[in-house]
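J.: Quick one: this structure, given as structure tokens, is what I'll be asking you about.
The values are calculated or read from the model by the stated rules, or taken from the named source; none is laboratory data. Small disclaimer: the values here were computed from a predicted structure and weren't measured. Here the Cβ positions follow ideal geometry from the backbone for every residue, glycine too, while neighbour counts run over all protein chains shown. To get the accessible areas, we keep the full protein, side chains included, count just its heavy atoms, and leave off ligands, DNA and RNA. Shrake-Rupley method; radii C 1.70, N 1.55, O 1.52, S 1.80 Å.
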Amino acid sequence: MAELYTAPDGQCRCAWVAGVEAFLPYHDDEWGYPVSDDIRLFEKLCLESFQSGLSWRTILAKRENFRAAFDGFDFQKVAGYGDDDVVRLLANAGIVRHRGKINAVINNAARAQELVAEAGSIAAFVWSFEPAVADLAEPQTQSTSAASVALSKALKKRGWKFVGPTTVYAFMQAMGLINDHATGCAMRARAEEMRAGFVRPQMKD
């Protein structure tokens, strides 16, 4: 069973919240709640790819800088970035200056456009990989799953970069495709309620 952390309000939260002030509002207000907005989904895939080899603490602290640098992760705009934009981003000390990851975001923006044309939306595509509750492991006991492997393979097949199964699993946790709040976490019931009322986007015919 995943460990718990007793927050300043006396309620228990997922243990990973402990020790980093910014984690509590992120955990309580964002993490694990279902998302259907394509910009937010694209942003999260990009930020998870930047996290590869780093900590989420580092990425979260720089999130507003990333948003400013990448036009709010509007993939329609990012898909048009050229060499000058890569140079600009590599000179931006407010983000993670990794050429491969920056190029991956630009590549993935173009792939996102193609995905929208194919499926109707990024949301419809990724939510088609939502696992059945019966197939889920105990909360926070794994870093990949059959669903994250399948979504990773589907994205890679379509030319996406830096979307391995672990990256995709973290994306699925954060965007509410699974409720991975620990048993006993004060936010688990809220996440479950939001998932129950969430209208799953459908793939276009």
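J.: Would you mind finding the one in G159, G197, G120, G176 that is without any contact (Cβ under 8 Å) to a residue 60 or more places away in the chain and under 23 Å from E43 (Cα atoms)?
T.: Exactly one residue qualifies, and that residue is G159.
J.: Only residues in the stretch 72-92 that are more than 21 Å from D37 (Cβ to Cβ) count as the first member; pair them with residues that are aromatic (F, W, Y), Cβ under 8 angstrom, at least 6 apart or cross-chain, and list the lot.
T.: L89/F70
J.: Check the stretch 6-23 and report whether any residue there is buried (at least 19 other Cβ atoms within 10 Å of the Cβ) and assigned to a loop (DSSP other than H, G, I, E, B).
T.: There is no residue in the stretch 6-23 that is buried (at least 19 other Cβ atoms within 10 Å of the Cβ) and assigned to a loop (DSSP other than H, G, I, E, B).
J.: Could you check the stretch 24-70 and list, in sequence order, the residues that are outside any helix (DSSP H, G or I) and under 25 Å from N107 (Cα atoms)?
T.: V35, S36, D37, S52, G53, L54, S55, K62, F70
J.: Just give me the residues in the stretch 120-129 being under 18 Å from Y33 (Cα atoms) and open to solvent by 20 Å² or more (accessible area, probe 1.4 Å), in sequence order.
T.: Result: S128, F129.
J.: Looking at the structure I just gave you, is R195 open to solvent by less than 30 Å² (accessible area, probe 1.4 Å), modelled with pLDDT of 95 or more and basic (K, R)?
T.: The answer is yes for R195.
J.: Have a look at A132, A147 and point out the one that is open to solvent by less than 40 Å² (accessible area, probe 1.4 Å) and either in contact (Cβ under 8 Å) with a residue 60 or more places away in the chain or out of contact with any strand residue (DSSP E or B) (no Cβ under 9 Å at 6 or more places or on another chain) (or both).
T.: Checking each option against the conditions leaves just A147.
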